[in-house]
Amino acid sequence: MYLKTPLDFSVVVDGKSLQHLGIKNRTVEIKSTINKIMRGLGATVDDTIFCMEHTGMYNLPVVKWLQSQQCKMWLESGVHIRKTLGVVRGKTIKLTVPG
């Protein structure tokens with residue numbers, strides 16, 4: 001299955017973002033990319049949770065592949081993600097403390 005929309009991956013370990021990359025939304029590339037990331041981190045399926053925005057049919061290839069590998073997943077609503085971001089990226093407002 002192939003969808004034209006690319007997939008964006010962010011690798012986060014202990015709350016720290018380590019890497020961000022985009023790949024084609026194809027099962028072959030999903031498998032290759034996830035396996036490469038996992039090997040690089042020395043991670044296993046047992047100690048990893050894959051979190052993603054629920055995008056319906058667009059994340060179906062990655063969801064199906066992760067299910068076939070018995071991976072733990074967390075799908076979240078895009079609205080919820082946006083509402084819980086705190087300071088939104090792209091804003092350049094500086095916060096100052098009086099005193």
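Here are a few things to note about the model shown:
- With respect to the conditions (1) at pLDDT below 85; (2) surrounded by 10 or more Cβ atoms within 10 Å (Cβ to Cβ), G99 lacks only one, and its number is (2).
- Those strands (runs of 3 or more DSSP E) of the range 1-73 in which at least 1 residues are open to solvent by 50 Å² or more (accessible area, probe 1.4 Å) and basic (K, R), considering only elements entirely within it, cover 2-13, 16-26.
- Residue list for the range 74-88, restricted to those being aliphatic (A, V, I, L, M) and part of a helix (DSSP H, G or I): V79, I81
The values are calculated or read from the model by the stated rules, or taken from the named source; none is laboratory data. If you're wondering where the values come from, they're calculated on a predicted model, not measured in any experiment. Positions of Cβ are generated from backbone atoms using ideal geometry, with glycine treated the same way; all protein chains shown enter the neighbour counts. Calculation scope for accessible area: heavy atoms of the full protein, side chains included, ligands and nucleic acids excluded. Shrake-Rupley method; radii C 1.70, N 1.55, O 1.52, S 1.80 Å.
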